[in-house]
Structures are given as C-alpha cells and as structure tokens.
1. I need every pair where a residue in segment 407-427 that is under 26 Å from Asp378 (Cα atoms) and open to solvent by 30 Å² or more (accessible area, probe 1.4 Å) has its Cβ under 6 Å from the Cβ of a residue that is of a type in the set (A, V, I, L, M, F, W, C) and assigned to a loop (DSSP other than H, G, I, E, B), sequence separation at least 6 or different chains.
2. Given the conditions (1) free of Cβ contacts under 8 Å to residues at least 24 places away in the same chain; (2) in contact with a Leu (Cβ under 8 Å, 6 or more places away or on another chain); (3) of a type in the set (Gly, Ala, Ser), which single one is not true for Ser384?
3. Would you call Pro416 touching a strand residue (DSSP E or B) at 6+ places or on another chain (Cβ under 7 Å) and closer than 18 Å to His215 by Cα?
4. Report yes if some residue within segment 205-214 is out of contact with any Pro (no Cβ under 7 Å at 6 or more places or on another chain) and either part of a helix (DSSP H, G or I) or β-branched (Val, Ile, Thr) (or both); otherwise report no.
5. Yes or no: Ala135 surrounded by fewer than 16 Cβ atoms within 10 Å (Cβ to Cβ) and either touching a residue at least 40 places away in the same chain (Cβ under 8 Å) or in contact with a Cys (Cβ under 6 Å, 6 or more places away or on another chain) (or both)?
6. Cβ contacts < 9 Å: first residue at positive phi, restricted to segment 165-188; second residue assigned to a strand (DSSP E or B), any location; separation 6+ or different chain. Result?
7. Out of all the residues in segment 248-295, which are hydrophobic (A, V, I, L, M, F, W, C), closer than 28 Å to Glu407 by Cβ and open to solvent by 30 Å² or more (accessible area, probe 1.4 Å)?
Amino acid sequence: MAIIKPFQGLRYNQDVIADLSSVMTPPYDVISPQEQERYYQIHPNNIIRLDFGKDVPGDTEEANKYTRAAEFLDAWWKNGTLKQEDAPAIYIYDQEFLSGDRWLSRRGFIALVKLEPFDKGSIYPHEQTLPGPKADRLKLTQSCRANLSSIFALFPDEDNEINADLLTMTSAKPEMEFADDTGVKNKLWVIKEKQTIDRLVARMKKKPLFIADGHHRYETALVYKAQMLKAHGSSGGDLPSDYVMMVCVSMNNNGLKILPAHRLIRNIKDYRLDRILPLLQESFHVEPLGKARAVKDWMSQLSTATEDHTFIMYAGQEDAYYKLYLSNEKFADMVFAADHPEWRHLDAGILHGVIINRVLGIASDDVTVKDYVKYVKDEAEAVSLVRSGQYQLAFFLKPTRIEQVREIATARKVMPPKSTYFYPKLITGIVINSLNSV
C-alpha cells in the first residue's frame, strides 16, 4: 500500500535563524497579496521568497520569480541559512491550537511517499484541481528541484496503533518549537533511529492514503516524475522524483478538524436580488433572517439546522440574510443524474451544482472560475467583501465531514474545489525535500 521512506531534509539553521516564526508561512494558496508583502518584509530569508515569490517588472522566461526562488534556495543552502540533515530521518510534526475554549493537538509524521497515479494504487484524492495552480507549481518544482512544502494526507488507523506509536517517539525536547502568527504552536521532532523508522515503514505498508490538502502539488509531482523518467530513460531506477514529501495524519487523531470554505460570488450576469430569489425558491425553501446580527449568530443557527443541505446567503444590505435549504429533491436528482452524481449528497456539491451553476449561470468546471468564485474561511471577511461591493453574494456552509471525504475518495470520485478546509494549515518551511540526487 503506502510506500514511505526517511529523507535528509533541509531545515532552517537555528544557529542562524533564532526566531523560526519569522521565516515560516502558511501554504501559498491561502496567502493574500497583502500577506505576501508582509512576509517579504518580516525577514530576508522568509520562505515566501521560495514558495510564493513576487512578479516584478521586466520578468522574462529566463529571469522570473521561479528562477529567483532557485537562486535563493541555492544561496541559503551554501551560506548555512539552510542545513541538511546528517542522516535520513522521519519527522514528527505536532500542531497545538485553540478550538473554542479547548486546546487540541494534531500529530502526524513527515516522510517521503512513493508517487502513484490517482486511477490506481492506494493514494486517493477527493477534490477537483484547476490547471492554473498546477502550471505554477510545476514551474517552481522544475526551477528549484525541491518539495518546498508538504502535501497533507490522512490514513485509517482503526486500532490507533500508529497514532499511539507517534506519541512514544516524542519524549525528548523537540528540535523545533515556535508559535506562528495565528497562535498555533508548532513542534518538530527528528527521528533517525533505524528500528523506529523501520517499524513505521512496515505499518504504513498496510495503509491507503487520502489527500487532505495539496492536490495540485501531488498532480504536479506526478508530471515532474514523468519528465524526470523521460530524461533518465525508462531505466531511471529509484529517482528522487519518484517520491513526494507528505505529512501523514491518522484519521483517529483527536485534533483532526475540518472547517467550511465559504463561497463569495461576483460577475453574475444581470444580477438583481429580485431576480435571483424567485429562481432560488424553485429549489430551496428561502427564509429571510431579518436585520444583521453578528455573523457568528447566523453560523450558530446554521450549525444547528436539522434540514439537509442548508446554507446562509448574504446579499450585502443590512437585512439581506437568508436561510436556504433544499426543498426540490427531484430537481437535485436531475441535476446530478449524469454529471458528478457523487455531489448529490454534499453541501458543497449542491451549492455548486444547483445554485452556482443552474441558478447563477456559472459553470463549476470553468477554468476561469476564479473570476467568479472566491473561497473564504473567515465569515466576517466574507460579509465585509460583499458589503463593500467587491462581491455580490456570500454563501456560508457547514463543514464537510471526514467520513464524506473518505467515502468520496475511496470511490475514486472528487468533490468540488475547496470542499474542505483542514485546520490548522501546515506550515511551509518547516522541512524542505531536495529532489537533487545526493
């Protein structure tokens, strides 16, 4: 099943970088332009310069953010800012975070995982991907020849065997420990003891892996692997490009938390609320919620709703909050009869297939979907962007359940983009995997 192995990771040299939080970032795809600029200013060696560099005037095919990333990576390695592990290791990665009034801990391990195509083998996706992000990540991989961030994967662990084993590996003080700028406490242990690693490798051979975050990067790694195999010939052997860096977390982990990714919509043709509401009422019960209260109150009402496929819609005016729940089951059956039938029982699927596609006239598989749909975790931010006029509508969802992720992935089907928001996000920069032969 899952083939994993240790590797000699590149890590920030703590003799050079005293404050690790100053050089780490969240994943590139949740960083706004304003946050990108802020990370640039925090520290000259921040990982942002590698993983999410800026375009500058005068960029060409030969000199651009990707080539600059490779130059930074090479320079930081040579000057000691980054230091390679002296022996192959597997890394235990722990994130402690506040959920409501409770501290939770999500623990996993970082290792190399042998790449397999999605249509066979034991690695399963659950989300659609788009060509733009894959092209971007491929150029970055080709230039840097490295995995700059980890893919996040889940594995079944019914007997809690591996989850319990990870706890026994972390009795010593962690090699890295810092709080990021969201308050999440990140800890990293470096495991080099061969017997311990071999035990984990053997146990993981029985496990499938379900990708939680990083679908675009996984597909990019498959393309890069094919390119390297072609360059080395069919007898390329066990190449570094045959593997990709992953954080693997047990599905039994108590810190596994999924938040919803809400949808903001703009560029709706002939947008008028008095036109949209009757169209919604053909498929949904539409209940006006009255004047604005704190958005958390509406989210609390949504979380306790007993009706299937319930959403909160906000249309910008003070009293333009609406509770929607699916009432026309036959129409939904018709919508998904031939196209993505697996979406029929998912809130995100109903939202995309019925509301965004049929009611608002926006194709869910449109490669320019970014011109219409923005995914937002923070409810207050979503309200602010609609109220400002930058977006016309906001739709708030319940979180997807982990059982739904596993069910869809096992059937080798996919959810709409951004159907899950696993929290907290993995930190970029905690370990780098060089794809150069050593």
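1. Lys418/Ala261; Tyr421/Ala261
2. Every listed condition holds for Ser384 apart from (2).
3. no
4. No; the residues of segment 205-214 include none that is out of contact with any Pro (no Cβ under 7 Å at 6 or more places or on another chain) and either part of a helix (DSSP H, G or I) or β-branched (Val, Ile, Thr) (or both).
5. Judged against the criteria, Ala135 is not a match.
6. Close Cβ pairs (under 9 Å, with a partner that is assigned to a strand (DSSP E or B)) amount to Gly183/Phe97; Gly183/Leu98.
7. Of everything in segment 248-295, those that are hydrophobic (A, V, I, L, M, F, W, C), closer than 28 Å to Glu407 by Cβ and open to solvent by 30 Å² or more (accessible area, probe 1.4 Å) turn out to be Met251, Leu256, Leu259.
The rows are residues; the columns are (1) assigned to a helix (DSSP H, G or I); (2) of a type in the set (Lys, Arg); (3) within 13 Å of the chain's Cα centre (by Cα); (4) at pLDDT below 90.
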site: Arg406; (1), (2), (3), (4): yes, yes, no, yes
site: Ser419; (1), (2), (3), (4): no, no, yes, yes
site: Lys425; (1), (2), (3), (4): no, yes, yes, no
site: Ser437; (1), (2), (3), (4): no, no, no, yes
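The values are calculated or read from the model by the stated rules, or taken from the named source; none is laboratory data. Fair warning: this is a prediction, and the values are worked out from it, not measured in the lab. Cβ atoms come from the backbone with ideal geometry, glycine included; neighbour counts cover every protein chain shown. Note: accessible area is taken over every heavy atom of the protein model, side chains too, but ligands, DNA and RNA are not part of it. Shrake-Rupley method; radii C 1.70, N 1.55, O 1.52, S 1.80 Å.
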